[in-house]
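K.L.:
Structure in structure tokens, see below.
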Amino acid sequence: MPSEEYPHYIEFRHVSKEFDHPVLIDVSFYVDGGKTLAIIGRSGVGKSVTLSHIMGFLKPDQGNIIVAHADITSMNEAELRAIRKKVTMVFQSGALFDSLTVGENILFSLELREDYNEQNKEDVVNGLLNMVDLLHVKNLYPADLSTGYKRAVAIARALAAQPECILYDEPTTMVDPIMSDDLGNLMLRLKRQLGLTSIVVTHDLDLMHKVADSVVFLYKGEAIYFGPVAELDTCQHPHVKQFLAMDRVDMAGQIEET
């Protein structure tokens, strides 16, 4: 629950991280419950590293990380497991088990749930696949699916844990425009119907505009913009302006090709 000390669902407070070079430099941002934050910027600016910090896979060198209204900066693995029941991540690869069918992949995530019997679990699997409009692929294997379908199945599997928050890592990379639009619609529907908090790392500005309330723009490890999506276009930082201008050029090229 929100508190005076931790009012935001997820928050970075002056976070820095260095490997062989600085990856995050004094980064601060937040997202409130039920809202969506987009993290954008060029490759290699620390977007995926940011998600790894939220999941507790990495510890910051400096600063504090708040997740689910709790400071996870110094939490041990047992404490982090409790946080990960509330916050789950959909990896870019989908991370599905190749030897299991779509239905079995989702069922696998329910095996430790003692509050379901076998019939309940089957009903939940069907319900989750219905939610992402993929009940018709239940008996197929991941190898039979397109990249976009794999991502949608991964989202369904993530929902099986009944999380409060989902982190999406480049959900529309390497999918066609129609499937990209479908995934965006799905993410928006989950936000509205389930009240999910979410953070989406993306290069896709169309997706950002569709699903996000706020955005943080990372450049060379620094957050050079954090604020409402609607105000990003008015940001005067030269790197933000260049990034947006390049996207407009790319979109114009795609229109000409069609």
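Here, each number is a calculation from the coordinates, and none is a lab measurement. Keep in mind it's a predicted model, so treat the numbers as computed, not measured. Neighbour counts run over all protein chains shown; Cβ positions are idealised from the backbone, glycine included.
K.L.:
Pairwise over distinct Cα atoms, reciprocal of the mean inverse distance: report the Kirkwood radius of the stretch 199-246 in Å, one decimal place. The partial results should precede the final answer.
P.N.:
Numbers: mean 1/r = 0.0907 Å⁻¹.
Radius from the Kirkwood sum: 11.0 Å.
K.L.:
Under the rule of at least 5 residues apart or a separate chain, name every residue whose amide H is placed under 5 Å from the amide H of G227.
P.N.:
Under 5 Å from the amide H of G227 lie the amide H atoms of V215, each far enough along the sequence or on another chain.
K.L.:
In whole Hz, what ³J(HN,Hα) sequence does the stretch 180-187 give by Karplus (6.51, -1.76, 1.60; θ = phi - 60°), x for Gly and Pro?
P.N.:
4, 5, 4, 5, x, 4, 5, 4
K.L.:
Tell me the relative contact order for the stretch 96-162 as a rounded percent, counting alpha carbon contacts under 8 Å between residues six or more apart. Kindly include the intermediate steps, with their values, before the conclusion.
P.N.:
Values: 62 pairs, mean separation 33.3, N = 67.
This gives 50 percent for the stretch 96-162.
K.L.:
With θ set to phi - 60°, apply the Karplus curve 6.51 cos²θ - 1.76 cosθ + 1.60 along the stretch 76-83 and write out the HN-Hα couplings as whole Hz, x wherever there is a Gly or Pro.
P.N.:
7, 5, 4, 5, 5, 4, 5, 5
K.L.:
Just how large is the dipole of the chain about the Cα centre, in debye to the nearest 20, putting +1 at every Lys and Arg Cβ and -1 at every Asp and Glu Cβ? Intermediate results must be reported in sequence, preceding the final value.
P.N.:
Working: 23 positive and 37 negative charges, 33 e Å.
Roughly 160 debye for the chain.
K.L.:
Using just the C-alpha positions of the stretch 1-131 as equal point scatterers, what log10 of I(q)/I(0) does the Debye formula give at each q in 0.11, 0.14, 0.21 1/Å?
P.N.:
The calculated log intensity ratios at q = 0.11, 0.14, 0.21 Å⁻¹ are -0.52, -0.79, -1.24.
K.L.:
Next up: In nm, to one decimal, how far is the L135 label point from the D61 one, both placed 7 Å along Cα→Cβ?
P.N.:
5.2 nm
K.L.:
Which one, L145, L134, S74, is farthest towards the positive end of the dipole of the chain when Lys and Arg carry +1 and Asp and Glu -1 on their Cβ?
P.N.:
Of the options given, the answer is S74.
K.L.:
5 Å is the cut-off here: which amide hydrogens, built 1.01 Å from N in the peptide plane, fall below it relative to V23, excluding neighbours closer than 5 in sequence?
P.N.:
When sequence neighbours closer than 5 places are left aside, the close amide H contacts are K17, E18.
K.L.:
Would you kindly state how much longer the chain becomes between I178 and F97 on full extension, computed as 0.36 nm times their sequence separation minus their alpha carbon distance, in nm to one decimal? Provide the component values of the computation, followed by the final result.
P.N.:
Numbers: separation 81, 0.36 × 81 = 29.16 nm, distance 2.55 nm.
Extending this stretch completely gives an extra 26.6 nm.
K.L.:
With a cut-off of 8 Å between alpha carbons and a minimum separation of six or more residues, what is the relative contact order of the stretch 98-250 in percent? Walk me through the numbers on the way to the answer.
P.N.:
Working: 154 pairs, mean separation 25.7, N = 153.
Over the stretch 98-250, the number comes to 17 percent.
K.L.:
M89's amide H: which non-local residues (gap 5+, or another chain) put their own amide H closer than 5 Å, with H modeled 1.01 Å from N in plane and none for Pro or chain starts?
P.N.:
Excluding prolines and chain starts, which carry no amide H, the hits are L167.
K.L.:
Out of these labelled values of Rg and Dmax of the Cα atoms in Å, (1) 18.7, 57; (2) 21.1, 70; (3) 18.5, 60, which was calculated from the coordinates shown here?
P.N.:
From the options (1) 18.7, 57; (2) 21.1, 70; (3) 18.5, 60, the structure gives (1).
K.L.:
Continuing with this model, one more query. Quick one: the Cα spread of the stretch 96-162 along its three principal axes, in angstroms, biggest first?
P.N.:
33, 23, 17
K.L.:
Calculate the dipole size of the stretch 96-162 relative to its Cα centre from +1 charges on Lys and Arg beta carbons and -1 charges on Asp and Glu beta carbons; express the result in debye to the nearest 20.
P.N.:
Details: 6 positive and 10 negative charges, 60 e Å.
That gives the stretch 96-162 a dipole magnitude of about 280 debye.
K.L.:
Let me ask something else about it. Taking neighbour Cβ counts within 10 Å as the exposure measure, how do M208, M174 sort from fewest upward?
P.N.:
Working: M208 21, M174 12.
In increasing order of surrounding Cβ atoms, one gets M174, M208.
K.L.:
Sticking with this one: Taking GluC sites (Glu not before Pro) as candidate sites, keep only those in a DSSP loop with at most 14 other Cβ atoms within 10 Å, then name the longest stretch of the chain containing none of them.
P.N.:
Details: sites that count: E4, E5, E111, E114.
Within the chain, the longest run free of exposed GluC sites (Glu not before Pro) spans 115-258.
K.L.:
Could you please state, rounded to a whole Å, how far the C-alpha centre of the stretch 130-149 is from the C-alpha centre of the stretch 43-100?
P.N.:
26 Å
K.L.:
While we're on this one: Under the Karplus relation 6.51 cos²θ - 1.76 cosθ + 1.60, θ = phi - 60°, what is the ordered set of whole-Hz ³J(HN,Hα) values for the stretch 139-147, x standing for Gly and Pro?
P.N.:
Result, rounded to whole Hz: 9, 8, 9, x, 4, 7, 9, 6, 4.
K.L.:
Right, here's the next one. Which FRET efficiency, nearest 0.05, do S74 and F108 yield, Cβ-Cβ r, R0 30 Å?
P.N.:
Working: r = 32 Å, r/R0 = 1.06.
Efficiency at R0 = 30 Å is approximately 0.40.
K.L.:
Hey, got a sec? Which trypsin sites (Lys or Arg not before Pro) in the stretch 159-255 land in a DSSP loop and have at most 16 other Cβ atoms within 10 Å?
P.N.:
On the way: sites: R189, K191, R192, K210, K220, K241, R248; in loops: K220.
Listed in order of number, the matching sites are K220.
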